Amino acid sequence: MKKTNFNPNKLLFQAKKYKISKFVKNEWLYFLAVCSNLFKEKGFLKYFAFVYFIYFIGYFGLIRANIYYVDDIYRSYSGNFAFLSASRYTSEYLSKLIHLNLYRNTDISPVTHLIAIALISIGSMILVKIIFKKQNFWALLASVTLGLNPFFLQNMSYKFDSPFMALALISPIIPFLFLRKKFIFYLSSFIFILISLTTYQAANGIYIIMSMFITLTILTQKQVKNKNILSYIFLFLSSYLFSLIFYKIFIFNPTENNIKHSL
């Protein structure tokens, strides 16, 4: 009879490994379920078309004007992407993807504006989903202040930058879809804040505003005990600061042009 060696350490390792894999699987399934619930919600295309139309009407005059604004002038005649000097790596690579060219930036407007409008339309729908748990026309109508406001009008004036500034605008909002699972929320916060920082740094403050809004909502609606609200505040603050520190240490490339863009 063959003797078997019992190794308790190996058994313990396998048990821990199983729990980790089970945890990761549950978190992944939750992430997929939330995304599926967002995009497969009844009437999704109808709501998207509605909010897209509102944004399109709002920015139609800007699209019709067909002007080059500030950085557009340089990019139009030089053909350079010119995002890396501002540490906007996501903008650089997405721009190459949109233009289907690794070496030259070309004017493909109004396609860029149409993409930007699509992104902020999704952002409005995500915002409504977070606050009201489901889409409705009145909430969507109120949410268009996200993109139709004097501050973002300047961002939309850029022909080349507008899609990436729109992405930076909505990225800090997305993690709050996953607030029920703290691990997924923390991970998504890290990823989407970095996306915001590598597309348009000034938009990262939206994460702070969303954190304050969610905190006040939890307090006023008494969704958790008051003593547990500190755990949410710590979660928001730590995920935000960790993302900023990571960006500062590993991604940010300080140059004179970079500092100018970050102001």
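The values are calculated or read from the model by the stated rules, or taken from the named source; none is laboratory data. Because the structure is a prediction, the values reported are computed rather than measured. Cβ sites come from the backbone with ideal geometry, for glycine too, and all protein chains shown count toward neighbours. Side chains included, ligands, DNA and RNA excluded: accessible areas come from the protein's heavy atoms. Shrake-Rupley method; radii C 1.70, N 1.55, O 1.52, S 1.80 Å.
Within region 108-155, being among the β-branched types (Val, Ile, Thr), touching a residue at least 40 places away in the same chain (Cβ under 8 Å) and either exposed (fewer than 14 other Cβ atoms within 10 Å of the Cβ) or farther than 19 Å from Phe39 by Cβ (or both) holds for Thr112, Val144.
Provide a single number: the residues in region 89-102 that are open to solvent by 10 Å² or more (accessible area, probe 1.4 Å) and in contact (Cβ under 8 Å) with a residue 24 or more places away in the chain.
Applying the first criterion (open to solvent by 10 Å² or more (accessible area, probe 1.4 Å)) to region 89-102 yields 89-90, 92-94, 96-102.
If we keep only those that are in contact (Cβ under 8 Å) with a residue 24 or more places away in the chain as well, we get 89-90, 94, 98.
Qualifying residue count for the region: 4.
Can you pull out every residue in region 38-52 that is in a helix (DSSP H, G or I) and either within 22 Å of the chain's Cα centre (by Cα) or modelled with pLDDT under 95 (or both)? Don't jump to the end; show me each part of the working.
Residues of region 38-52 that are in a helix (DSSP H, G or I), as a first pass: 38-39, 44-52.
Matches in region 38-52: Leu38, Phe39, Phe44, Leu45, Tyr47, Phe48, Ala49, Phe50, Val51, Tyr52.
Being surrounded by 15 or more Cβ atoms within 10 Å (Cβ to Cβ) and over 14 Å from Leu153 (Cβ atoms) is the filter here, so list the residues in region 50-75 that pass it. Within region 50-75, Phe50, Val51, Tyr52, Ile54, Phe56, Tyr68, Asp71, Asp72, Arg75 qualify. Applying the criterion of at least 2 residues that are of a type in the set (Ser, Thr, Tyr) to the helices (runs of 4 or more DSSP H) found wholly in region 82-157 leaves 89-99, 111-132. Between Ile193, Ile173, Ile214, Ile218, the distinction of being in contact with a Leu (Cβ under 8 Å, 6 or more places away or on another chain) and modelled with pLDDT under 95 belongs to Ile214 only. When each of Ser196, Ser211, Ser189, Ser231 is tested for being free of Cβ contacts under 8 Å to residues at least 60 places away in the same chain, of a type in the set (S, T, N, Q), farther than 26 Å from Val144 by Cβ and assigned to a helix (DSSP H, G or I), the lone residue that passes is Ser231. Going residue by residue through region 167-186, is there one that turns out to be open to solvent by 10 Å² or more (accessible area, probe 1.4 Å) and under 16 Å from Tyr93 (Cα atoms)? Yes, because at least one residue in region 167-186 is open to solvent by 10 Å² or more (accessible area, probe 1.4 Å) and under 16 Å from Tyr93 (Cα atoms).
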